[in-house]
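**Q** Before I ask anything, here is the structure I am working with.
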Amino acid sequence: MVSRLRGNDVKSEGGTRGRSTSPIQWVTAICVLAACVLLGAASAHAQTGDNQRSSEEAQAKQKLDDVRAEIRRITEAQKQIAAQKNDTTEALRAQELKISATAKEVRALDRKLEGQQARLAQLVKQ
């Protein structure tokens, strides 16, 4: 069988067709290799950036959890203060009612005393 050579084919020592490696192919191969290295470096840098971002997100989440816990503590304290205020208000209202009832009794006693003094004055006149 006769082999046909094309323009870019080179006859190898064994008589079979093979391709020669031209300088352009070497440059292309080196560029591809360099691109792979750069992609690997970029990927490593991206992973470092991702790790840093993950760390920052974890710190932010922890701060958010701390703030939420503080808000819960403050809310609970406000509820306790509101309950104490309600209890104090109720106790004050009870005291006001007692004072009002005592004032009524004093006014009633004053009226009764005035009536008795008037009667006594009448009896002294006689």
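Values in this text are rule-based calculations from the coordinates and carry no lab data. Remember, predicted model here, so these are calculated numbers, not experimental data. When we count neighbours, we look across all protein chains shown, and the Cβ atoms used for this are built from the backbone with ideal geometry, even at glycine.
**Q** Along region 84-99, what does the Karplus equation 6.51 cos²θ - 1.76 cosθ + 1.60 (θ = phi - 60°) give for ³J(HN,Hα), rounded to whole Hz, x for Gly and Pro?
**A** Those phi angles translate into 5, 4, 4, 4, 5, 4, 5, 5, 4, 4, 4, 5, 4, 5, 5, 5 Hz.
**Q** Once the Cβ-Cβ distance between residue 126 and residue 97 is put in as r, and R0 is 35 Å, what FRET efficiency do you end up with, to the nearest 0.05?
**A** Once rounded, the FRET efficiency stands at 0.20.
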